[in-house]
Amino acid sequence: MRTDILHVGADELTYEIRNIVNVGDTLKSLGVQVNWENIGDPIAKGEEVPTWMKEIVAEAVYENQSYGYSPTKGLLETREFVAQCTNARGGVQIDADDIIFFNGLGDAISKVYGMLKPTARVLVPTPSYTTHSSAEAAHAGTQPVTYILDPNHLWYPDLEDIENHIKYNPAVAGILMLNPDNPTGAVYPADVMRAIVEICEKNELFIICDEIYQNMTYNGTTSAPLCTVIGDKVPALCMRGISKEMPWPGSRCGWIEVYNRRRDPMFATYVNSIINAKMLEVCSTTLPQMVLPRIKSHPLYQEHLKSRIKRYERFSNLAYNILKNVKGLLVNRANGAFYMSAVFEEWVLNHQQTLPIEIDEVREIIERLVSGPNIQPDKRFVYYLLASTGICVVPLSSFATELQGFRITLLEKEEDEFVQIFETIADSITRYVNSSVGRGHCS
Ligand SMILES: Cc1ncc(COP(=O)(O)O)c(C=O)c1O
């Protein structure tokens, strides 16, 4: 190239949740039977969309309007419906004008960070759902600025760490929260949310809150929606969607609710720039917006959601009870969404550990992969686990964190299979860790 065509943030865009699929696919073609526990798609893991929901979608397919463009911000009736749902929670009150639809939150996320001034930073959690942390880092052309989620305290945000970042980094303009959280499965109660809102008010920051899993909490927890704790001073963008809840990830349909837009003229202009960026694309997918109110207000919707949540609760406990006994592993029970993150204690992993791999060609591939420069110890474990057992999880270090561990989904539908997967992981960790004992490598 006669001129440099690379964006300053090009190196920041990585998505290990899907990168690991390339390795899994290669191993699969060589005869490894892969269990995909890496990606948060309930449909891919066998969840059935109920017939009544399919019928609503089928009806919409026969409506001509579903083939047309929709208004840039989204269909008015749907935005009115969404605003009504938010207002019914009794906190901040919004109207249809405060809602912008996107082609999934992935689209919303790339516009929200993409339209921010490159020098303005959003403090993101560590570990962090990569789509947020990578998009934020790419907009700034450098590493994300992170605050700690503490695995020793239910993965709650470390408020002191947040305050220190704000105090010593004047570039911080906003804070990202995910509630319930991906990758940890944590659910933040109202006091945690309120404390962050207070910090933002004191320091004139705005909030981005990803609530895509808002209605998916269990084990006696409920996550406080931002709209109920935000008050009337802090400007915020709250993200919601249908990918996980219906679940309909292939619909590519999510939205932003704007709170307290008028509190700050610069924030209002920023929101307008996001709408204008969407306008260049014309609009988001029409059909899912058309059916959203019909599906969410259907008499069977709540029951459908409840039965799914009940299964996640049961599986979260099964997973926790198996992994909590593994020496050197720190686990928290997932209380929301359908992920769980396990952390290896510092002394556990090294670069000599292995697991037996039956197929020679597979072993050669893995040995080549783990001999690469700067391979993270948890990625090394994840590769061996995949090659040895076929179980595909995501290294925790790929979620913008120094912590070593892995994220696994709770989506496997068959209970026996689920238990077997977790028991195999527990056993594999012990075998992996002990594989270098006696070779003088266990530090
Ligand atoms: C926290 C979080 N936000 C957003 C998304 C993306 O959602 P969408 O399918 O609407 O792009 C995901 C997907 O896994 C997620 O976990």
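The values are calculated or read from the model by the stated rules, or taken from the named source; none is laboratory data. None of the values given here were measured: they were computed from a predicted structure. Ideal geometry is used to build each Cβ from the backbone, glycine not excepted, and the neighbour counts take in all protein chains shown.
Do we find that Gly141 is surrounded by 22 or more Cβ atoms within 10 Å (Cβ to Cβ) and of a type in the set (Gly, Ala, Ser) in this structure?
So Gly141 fails the test.
Could you list all residues from the stretch 55-75 that are free of Cβ contacts under 8 Å to residues at least 40 places away in the same chain and either within 26 Å of the chain's Cα centre (by Cα) or assigned by TED's automatic domain parsing to the domain that holds Ser307 (or both)?
Scanning the stretch 55-75 gives no hits.
With respect to Asp181, determine if the residue is within 16 Å of the ligand (Cβ to nearest atom) and of a type in the set (Asp, Glu).
yes
Looking only at the stretch 220-234, decide whether some residue is in a strand (DSSP E or B) and either within 24 Å of Tyr320 (Cα to Cα) or at pLDDT 95 or above (or both).
Within the stretch 220-234, none of the residues are in a strand (DSSP E or B) and either within 24 Å of Tyr320 (Cα to Cα) or at pLDDT 95 or above (or both).
Which one of these is at positive phi and among the charged types (D, E, K, R): Glu281, Glu303, Glu245, Glu204?
Glu204
Among the residues of the stretch 335-376 satisfying the criterion of being closer than 15 Å to Ser428 by Cβ and not in a loop (DSSP other than H, G, I, E, B), which is farthest from the chain's Cα centre (by Cα)?
If we take residues in the stretch 335-376 being closer than 15 Å to Ser428 by Cβ and not in a loop (DSSP other than H, G, I, E, B), then Ile366 is farthest from the chain's Cα centre (by Cα).
Among the residues of the stretch 358-379, which ones are in contact with a Gly (Cβ under 7 Å, 6 or more places away or on another chain) and more than 18 Å from Val21 (Cα to Cα)?
Ile359
Would it be correct to say that Asn164 is under 21 Å from Ala236 (Cβ atoms), surrounded by fewer than 23 Cβ atoms within 10 Å (Cβ to Cβ), free of Cβ contacts under 8 Å to residues at least 60 places away in the same chain and away from the ligand (no atom under 16 Å from the Cβ)?
no
Pull up the stretch 22-47, narrow it to residues that are loosely packed, with under 15 Cβ neighbours inside 10 Å and either of a type in the set (A, V, I, L, M, F, W, C) or under 17 Å from the mean Cα position of the chain (by Cα) (or both), then point me to the one that is nearest to Leu396 (Cα to Cα).
It comes out as Ala44.
What number of residues in the stretch 213-228 are within 16 Å of the ligand (Cβ to nearest atom), of a type in the set (A, V, I, L, M) and surrounded by fewer than 24 Cβ atoms within 10 Å (Cβ to Cβ)?
1
Can you find a residue in the stretch 259-272 that is in the same structural domain as Leu154 (by TED's automatic domain parsing), within 16 Å of the ligand (Cβ to nearest atom) and modelled with pLDDT of 95 or more?
No, the stretch 259-272 contains no residue that is in the same structural domain as Leu154 (by TED's automatic domain parsing), within 16 Å of the ligand (Cβ to nearest atom) and modelled with pLDDT of 95 or more.
Mind checking which residues of the stretch 241-254 are outside any loop (DSSP other than H, G, I, E, B) and either surrounded by fewer than 24 Cβ atoms within 10 Å (Cβ to Cβ) or away from the ligand (no atom under 15 Å from the Cβ) (or both)?
Once the filter is applied, which keeps residues that are outside any loop (DSSP other than H, G, I, E, B) and either surrounded by fewer than 24 Cβ atoms within 10 Å (Cβ to Cβ) or away from the ligand (no atom under 15 Å from the Cβ) (or both), the stretch 241-254 yields Pro249, Gly250, Ser251.
Please go through (1) within 16 Å of the ligand (Cβ to nearest atom); (2) buried (at least 24 other Cβ atoms within 10 Å of the Cβ) for Val234 and return the number of the only condition it doesn't satisfy.
Evaluating Val234 over (1) within 16 Å of the ligand (Cβ to nearest atom); (2) buried (at least 24 other Cβ atoms within 10 Å of the Cβ) leaves (1) as the failure.
Going by the conditions given, is Met193 outside any helix (DSSP H, G or I) and surrounded by 21 or more Cβ atoms within 10 Å (Cβ to Cβ)?
no
In the stretch 105-134, which residue that is under 21 Å from Asp181 (Cα atoms) and among the hydrophobic types (A, V, I, L, M, F, W, C) is farthest from the ligand (Cβ to nearest atom)?
Out of the qualifying residues, it is Leu123.
In the set Ile359, Ile408, which member is more than 16 Å from the ligand (Cβ to nearest atom), out of contact with any Ser or Thr (no Cβ under 6 Å at 6 or more places or on another chain) and not assigned by TED's automatic domain parsing to the domain that holds Thr146?
Ile359
Would you mind telling me which numbered condition in (1) under 21 Å from the mean Cα position of the chain (by Cα); (2) in contact (Cβ under 8 Å) with a residue 40 or more places away in the chain Thr228 fails?
Every listed condition holds for Thr228 apart from (1).
Check Ala96 against each of (1) out of contact with any Lys or Arg (no Cβ under 6 Å at 6 or more places or on another chain); (2) under 20 Å from Asn260 (Cβ atoms); (3) away from the ligand (no atom under 15 Å from the Cβ) and name the one condition it does not meet.
In the conditions (1) out of contact with any Lys or Arg (no Cβ under 6 Å at 6 or more places or on another chain); (2) under 20 Å from Asn260 (Cβ atoms); (3) away from the ligand (no atom under 15 Å from the Cβ), Ala96 misses (1) alone.
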